[in-house]
Amino acid sequence: MDIKVPRGTQDILPSETAKWQVVEELIRETCRVYHYKEIRTPIFEHTELFTRSVGDTTDIVQKEMYTFQDRGNRSLTLRPEGTASAVRAYVEHKMFGYPDQPVKLYYMGPMFRYERQQAGRYRQFVQLGIEAIGSADPAIDAEVISLAMALYQKAGLKKLKLVINSLGDTESRVAHKEALVNHFEPHIEAFCSDCQNRLQKNPLRILDCKVDRNNPLMETAPSLTDYLNEESAAYFEQVKEYLNILNVPYEVDANLVRGLDYYNHTAFEIMSVAEGFGAITTLAGGGRYNGLVEELGGPASPGIGFAMSIERLLLAIEAENNTWEDLATLDVYVIAMGQAAKKKAVELTYSLRQNNITAEMDYLDRKMKSQMKSADRLKAKFVLLVGDDELEKQSAMLKDLSTGEQQLVPFNSLLEQLQNNLTTQLEEEKND
RNA sequence: GCGGUUGUGGCGAAGUGGUUAACGCAUCGGAUUGUGAUUCCGACAUCCGGGGGUUCAAUUCCCCUCAGUCGCCCCA
């Protein structure tokens, strides 16, 4: 065996899929309650979609995209994020014309970024994305943020930190960027090489730099908050007010910057503060993108959304020591002794399944003892035993593995008997 | 892209420059001709990620390479 999964990808094995299903179910239910509808878009798009929306100076576009030529010489890219696709679909299907605005969408599926793997980071990973397009009401900002928080709470997470900031509108951002460049440029040679690159590209990131955090120029750098124009500042105030109304605790971090170009106004990030988490603690991130629909050819329509990583959600749940209900249950294990009995066992197993009873049997012609061990290991509730004696009596031995009790039951009343036993066992569990 | 670390059977994990590579778990067989625990007995790595080198001899030393993993950058 020398072919392995490609770097940064993983197989999610049967022993793991149960928890994925639990989380996925929780997510769909939450989205339903918040009245977001699922949209499914292709896993690859025209490359231009991402260069135009995400921004061609961003890390994602510059070094992380899986881009390829198809046989028709088109440049396609495995989607690195979902907002661009959702907005593309919004424009393409003229959802701006829908009577009910904002259009509220969610999607869940794999995203792809070419990066070195590390704890909580993969080249193929699964994101839940939420988008509300068509409203510039600060209340919907609060709704989107609270949806994310509600989801984590339902998943049992407590050690969370919500950080918000306002990037302001274009006017505010341009003014601030100019101020930053003026502030750092005269002394930029004192900064790390990354920061020197950031100066023109994205000076906001300099504020975030860990290498240069002790440089005195950091303290005196112009804050984004001071450069918000009146309208942007007022908008941000209202978002905070709505979060207060919803009792969603947050911290304002004036240095919070998101990596994608299309963001403006509200930006937020949710982190896990659980110990035992890896170096990457961001569970979800999002923000407002008021210019994006227009950028992709639609009418000016404001939007806001977020993306959260399912892998990181799972990691966070584990880091907080929450446990998973074991969903893999087996009602009946059918044991056959001898070839004649095997034929009956095959038939019985099939009919049980026809009646929604989870059933399994041995396909290795193993001895009875081995089959019993399998039934035990698989945590079967009941065993149905068929041998020559039983065949003669047109019956099967029905054994309750939890009590060890067994009784001979005629074939023709087996189904009824089993269904009775299963329901009484279920009720007893409830009473415990 | 850069750096740390690891790479021995299905899994976990010891180990040494030299005739049979510990041990634990799991699995299979038997003790127990048709019953799950425990116990006891037995089986289970022509080979120690791959390639090259040093050596009389390498899983153990050196080099290269590949892979996993963690971290930096950045992000979900």
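The values are calculated or read from the model by the stated rules, or taken from the named source; none is laboratory data. As the structure is a prediction and not an experimental result, all values here were calculated from the model. Note: ideal-geometry Cβ built from the backbone for every residue, glycine included; neighbour counts use all protein chains shown. Note: areas computed on protein heavy atoms with side chains; ligands, DNA, RNA excluded. Shrake-Rupley method; radii C 1.70, N 1.55, O 1.52, S 1.80 Å.
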(request) Considering only residues that are near RNA strand B (Cβ under 8 Å from one of its atoms) and over 20 Å from A:VAL22 (Cα atoms), look in the range A:115-146 and name the one that is least open to solvent (accessible area, probe 1.4 Å). (result) A:ARG123
(request) Test A:TYR107 against the stated conditions and say whether it is open to solvent by 10 Å² or more (accessible area, probe 1.4 Å), assigned to a strand (DSSP E or B) and not small (Gly, Ala, Ser). (result) yes
(request) Could you pull out the residue among A:GLU81, A:GLU24, A:GLU16 that is of a type in the set (Asp, Glu), loosely packed, with under 15 Cβ neighbours inside 10 Å and out of contact with any Asp or Glu (no Cβ under 8 Å at 6 or more places or on another chain)? (result) A:GLU16
(message) With away from RNA strand B (no atom under 16 Å from the Cβ), under 16 Å from the mean Cα position of the chain (by Cα) and without any contact (Cβ under 8 Å) to a residue 60 or more places away in the chain as the only criterion, which of A:GLN69, A:GLN153 stands out?
(response) A:GLN153
(request) Output the residues belonging to the range A:251-280 that are open to solvent by 40 Å² or more (accessible area, probe 1.4 Å) and within 16 Å of RNA strand B (Cβ to nearest atom). (result) A:ASP253, A:ASN255, A:ARG258, A:ASP261, A:VAL273, A:GLU275, A:GLY276, A:ALA279
(message) I need the full set of residues from the range A:147-181 which are surrounded by fewer than 19 Cβ atoms within 10 Å (Cβ to Cβ), touching a strand residue (DSSP E or B) at 6+ places or on another chain (Cβ under 9 Å) and under 30 Å from A:SER272 (Cβ atoms), in order please.
(response) A:GLN153, A:LYS159, A:LYS161, A:VAL163
(message) If A:GLY338 satisfies all but one of (1) near RNA strand B (Cβ under 9 Å from one of its atoms); (2) closer than 30 Å to A:LEU26 by Cβ, what's the number of the condition it fails?
(response) (2)
(request) Determine whether A:LEU384 is surrounded by fewer than 16 Cβ atoms within 10 Å (Cβ to Cβ) and free of Cβ contacts under 8 Å to residues at least 60 places away in the same chain. (result) no
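The rows are residues; the columns are (1) closer than 21 Å to A:ILE60 by Cα; (2) acidic (Asp, Glu); (3) modelled with pLDDT under 85.
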{"position": "A:ALA175", "(1), (2), (3)": "no, no, no"}
{"position": "A:HIS187", "(1), (2), (3)": "no, no, yes"}
{"position": "A:CYS195", "(1), (2), (3)": "yes, no, yes"}
{"position": "A:LEU199", "(1), (2), (3)": "yes, no, yes"}
{"position": "A:ASP208", "(1), (2), (3)": "yes, yes, yes"}
{"position": "A:LEU217", "(1), (2), (3)": "no, no, yes"}
{"position": "A:PRO222", "(1), (2), (3)": "no, no, no"}
{"position": "A:TYR227", "(1), (2), (3)": "no, no, no"}
{"position": "A:GLU230", "(1), (2), (3)": "no, yes, no"}
(message) Looking at A:PRO222, A:PRO203, can you tell me which residue is touching a Leu at 6+ places or on another chain (Cβ under 7 Å), within 16 Å of RNA strand B (Cβ to nearest atom) and open to solvent by less than 60 Å² (accessible area, probe 1.4 Å)?
(response) A:PRO203
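Quick grid of which residues meet (1) within 9 Å of RNA strand B (Cβ to nearest atom); (2) at pLDDT 90 or above; (3) open to solvent by less than 50 Å² (accessible area, probe 1.4 Å); (4) touching a His at 6+ places or on another chain (Cβ under 6 Å):
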site	(1), (2), (3), (4)
A:LYS342	no, yes, no, no
A:LEU348	no, yes, yes, no
A:ARG366	yes, no, no, no
A:LEU398	no, yes, yes, no
(message) Cβ contacts < 6 Å: first residue closer than 20 Å to A:LYS158 by Cβ, restricted to the range A:298-319; second residue away from RNA strand B (no atom under 12 Å from the Cβ) and modelled with pLDDT under 95, any location; separation 6+ or different chain. Result?
(response) A:ALA316/A:LEU157; A:ILE317/A:ALA155; A:ALA319/A:ALA274
(message) Of everything in the range A:51-78, what is surrounded by 12 or more Cβ atoms within 10 Å (Cβ to Cβ) and part of a helix (DSSP H, G or I)? Give them in sequence order.
(response) A:THR51, A:ARG52, A:SER53, A:ASP59, A:ILE60, A:VAL61, A:GLN62
(message) Within the range A:281-295, take every residue that is among the polar types (S, T, N, Q) and within 13 Å of RNA strand B (Cβ to nearest atom) and give me the one that is nearest to A:ASP261 (Cα to Cα).
(response) A:THR282
(request) Pick out the one residue from A:PHE236, A:PHE184 that is closer than 17 Å to A:GLY287 by Cβ and either assigned by TED's automatic domain parsing to the domain that holds A:THR57 or buried (at least 16 other Cβ atoms within 10 Å of the Cβ) (or both). (result) A:PHE236
(message) Can you go through A:ILE130, A:ILE145, A:ILE164 and tell me which one is touching a Cys at 6+ places or on another chain (Cβ under 8 Å) and either without any contact (Cβ under 8 Å) to a residue 12 or more places away in the chain or of a type in the set (A, V, I, L, M) (or both)?
(response) A:ILE130
(request) Look through the range A:370-379, keep the residues that are more than 7 Å from RNA strand B (Cβ to nearest atom) and farther than 17 Å from A:VAL346 by Cα, and return whichever of them is most open to solvent (accessible area, probe 1.4 Å). (result) A:LYS379
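Residues checked against (1) assigned by TED's automatic domain parsing to the domain that holds A:VAL144; (2) more than 14 Å from RNA strand B (Cβ to nearest atom):
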position: A:LYS4; (1), (2): no, no
position: A:LYS19; (1), (2): yes, yes
position: A:VAL22; (1), (2): yes, yes
position: A:LEU26; (1), (2): yes, yes
position: A:THR30; (1), (2): yes, yes
position: A:HIS35; (1), (2): yes, yes
position: A:THR41; (1), (2): yes, yes
position: A:THR47; (1), (2): yes, yes
position: A:SER53; (1), (2): yes, no
(request) Kindly provide the set of residues from the range A:293-318 that are touching a Ser or Thr at 6+ places or on another chain (Cβ under 6 Å) and modelled with pLDDT of 95 or more, ordered by number. (result) A:VAL293, A:GLY305
(request) State the number of residues belonging to the range A:296-325 that are open to solvent by 40 Å² or more (accessible area, probe 1.4 Å) and away from RNA strand B (no atom under 15 Å from the Cβ). (result) 8
